Structure formats: C-alpha cells, structure tokens
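Enquirer: Provided herewith is a single structure, encoded as structure tokens, for subsequent inquiry.
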Amino acid sequence: MPYLLLLTIAVVILLIPTAYAGLIGAPWAPTKLAVVKKAFDIIDLGPEDVLYDLGAGDGKIVLEAARRGALARGLELSPIMWLVAWLRTLRQPRASVTLKNFYRQSLNDATVVFIFLMPKIMPRVIDYLAKQEVPQGKVLLSYAFPLADIDPIQVIQEDGCGNIYVYDLEQLTKQQPANQPS
C-alpha cells in the first residue's frame, strides 16, 4: 500500500507543472508536420539558423529543424512532455530540449522562433519578445493562432493543417510592450 501512495504522489508532482504549463502557454496538442515542412521550405531554414521552439511539446518541431541542419532548441515546462521530447532528440546532435520556462530564456542567438500557444497567451508572448535582443532574428512562426493586433507578413496554409502565421522577428523585438506606456 505505501508503494501506491508513493506512486500517486509522484504522479501528482509531475502533473502540477504540466497543468501550469497549460495555463501559461498551452496544453499539449499535436502540430501537423506538413505545414511546418512547407513553412521551413519557404523561410529556407538551414544550417545557418538557430531555431527556438517555445513550448516544445513532443519535440517534433525541434527534430524537423535539426534534420534541415539548423541548431534547434526546444524549451518545455511540462516534465512529462520534456521527457518525451528529450528521448526523441537524444540522438540528434543539433537538437536539444530543456526543461525550462521559456519566459526566462534569452533568445539572443535565435534566427527563427516557433510557437504553438493559446490566443489568450499571445499578449504576454508579445511583451516577452519586445524585451528580447535578437540581432540575427528573421521570423517568428506561430502555428494555428495569429498574434493579436499584429499583421503577419505571410500566412502559410496546407490542407488538413492549422495555418502558420509568419512575423518579422526583428520587428517584434522592437515592439512597445503592451503593459508599458508608449
């Protein structure tokens, strides 16, 4: 019986940060890779790029970016999803997934940022990006949900997939944070 209690406690300990990750970013939902591949083709993602996947989930985006030669870094807050992504990327030298709250990560070496986050989170993401210095930044790719009040430079579509909204990353890092006076 004590083993059952210990197992229950361990599961609860793992689920609390997973629930928190869902609240500050998004719950895990699969990303359709067909539209991601199309977007990576359009932006010509390659060995000169450093991609950050904010809320990396199962690591699918990080793996696809690394397969194209990019240095791909995923940040994931849920220990369960981090473990899945970490195991998937273990043998890919250009891919890594870190158990970390992405709001506490500098993106200073990023050229591409990928997000699949809930619409209610987007204002906080815009504020986060506005505080970043990303001198090499090219684009932000947002899967399924556009950023509020900012026009994308392109919308990429593929049958059966959510859209990818493409934004100029350099411009996003120069935005006035929403919670500060202009």
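Enquirer: Condition first: in a strand (DSSP E or B) and either free of Cβ contacts under 8 Å to residues at least 40 places away in the same chain or buried (at least 22 other Cβ atoms within 10 Å of the Cβ) (or both). Now tell me which residues in the stretch 46-58 satisfy that.
Expert: The answer is LEU51, TYR52, ASP53, LEU54.
Enquirer: Just to be sure, is GLY160 surrounded by 22 or more Cβ atoms within 10 Å (Cβ to Cβ) and in a loop (DSSP other than H, G, I, E, B)?
Expert: It is false that GLY160 is surrounded by 22 or more Cβ atoms within 10 Å (Cβ to Cβ) and in a loop (DSSP other than H, G, I, E, B).
Enquirer: May I pose another question? Go through the stretch 130-156 and give me each residue that's small (Gly, Ala, Ser) and in contact with a helix residue (DSSP H, G or I) (Cβ under 6 Å, 6 or more places away or on another chain).
Expert: Within the stretch 130-156, GLY137, ALA148 qualify.
Enquirer: Can I ask one more? Within the stretch 138-151, identify whether any single residue is without any contact (Cβ under 8 Å) to a residue 24 or more places away in the chain and either farther than 23 Å from TRP28 by Cα or of a type in the set (S, T, N, Q) (or both), and answer yes or no.
Expert: Within the stretch 138-151 (the criterion being without any contact (Cβ under 8 Å) to a residue 24 or more places away in the chain and either farther than 23 Å from TRP28 by Cα or of a type in the set (S, T, N, Q) (or both)), the answer is yes, since at least one residue qualifies.
Enquirer: Mind listing just one residue for me: the one in the stretch 65-90 that is at pLDDT below 95 and in a loop (DSSP other than H, G, I, E, B) and, of those, surrounded by the most Cβ atoms within 10 Å (Cβ to Cβ)?
Expert: Of everything passing the filter in the stretch 65-90, SER78 is surrounded by the most Cβ atoms within 10 Å (Cβ to Cβ).
Enquirer: Evaluate the stretch 142-154: report whether one residue or more is closer than 19 Å to SER106 by Cα, in contact with a Pro (Cβ under 9 Å, 6 or more places away or on another chain) and surrounded by 20 or more Cβ atoms within 10 Å (Cβ to Cβ).
Expert: Scanning the stretch 142-154 turns up at least one residue that is closer than 19 Å to SER106 by Cα, in contact with a Pro (Cβ under 9 Å, 6 or more places away or on another chain) and surrounded by 20 or more Cβ atoms within 10 Å (Cβ to Cβ).
Enquirer: Given ILE43, ILE61, which one is of a type outside the set (Phe, Trp, Tyr) and surrounded by fewer than 21 Cβ atoms within 10 Å (Cβ to Cβ)?
Expert: ILE43
Enquirer: Can you tell me which residue in the stretch 163-172 is surrounded by the fewest Cβ atoms within 10 Å (Cβ to Cβ), limited to those that are in contact with a helix residue (DSSP H, G or I) (Cβ under 8 Å, 6 or more places away or on another chain) and under 15 Å from ALA39 (Cβ atoms)?
Expert: Ranking the qualifying residues of the stretch 163-172, first place goes to ASN163.
Enquirer: To continue, here is another question. Can you tell me which residue in the stretch 97-137 is farthest from GLY59 (Cα to Cα), limited to those that are open to solvent by less than 50 Å² (accessible area, probe 1.4 Å) and polar (S, T, N, Q)?
Expert: GLN132
The values are calculated or read from the model by the stated rules, or taken from the named source; none is laboratory data. Since this is a predicted model, take the numbers as computed values, not measurements. Virtual Cβ from ideal backbone geometry, glycine too; neighbours counted across all protein chains shown. The protein model used for the area step is the full one, side chains on, heavy atoms only, and it has no ligands, DNA or RNA in it. Shrake-Rupley method; radii C 1.70, N 1.55, O 1.52, S 1.80 Å.
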